[in-house]
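All of the numbers you see were taken from the coordinates with simple rules; none came from a lab. Keep in mind that what you see is a predicted model, and the values were worked out from it rather than measured. Counting neighbours? That spans all protein chains shown, and the Cβs are built from the backbone with ideal geometry, glycine included.
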Amino acid sequence: MLDPYKILEVPQDASLGEIKKSYFRLIKHHPPEREPEKFKELRAAYEKLKNVLTRVETDILLFKEPESDFEGPPSKYQSFRSEITQDDIYEMICALYSDFCKTNFNDDYSDVSF
């Protein structure tokens with residue numbers, strides 16, 4: 001993703017007025033008749049920054065931490081493995097469910113009348 005702040009030559013903390021002023025200054029230097037690709041690039045950058053909501057979304061995409069840097073747990077914890085298997089978890093859930101189904105809820109509220 002191209003950085004719209006660099007394209008419009010404004011700092012990240014620029015106000016909406018500064019962004020607008022820079023956009024109009026740049027499109028005077030790069031009119032669509034002479035440089036259509038540069039104009040499209042400027043227009044796309046301005047569209048991302050002219051609205052507060054789209055600007056926040058753009059900032060999140062530009063400045064979030066990359067997900068590929070995750071290294072996992074430290075090597076000293078690599079040897080710890082759980083002894084519980086998927087089958088054990090399935091059996092626990094079935095046991096809990098079967099106990100739940102045996103419960104007679106009518107007996108718990110027999111003294112309540114409407």
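In terms of the Cα gyration tensor, with a ≥ b ≥ c the square roots of its eigenvalues, is the range 4-65 rounded because a/c is under 1.5, prolate because a/b exceeds b/c, or oblate?
prolate
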Evaluate the distance, in nm, between pseudo-label points positioned 7 Å from the Cα of Lys38 and of Ile60 along their respective Cα→Cβ axes.
3.4
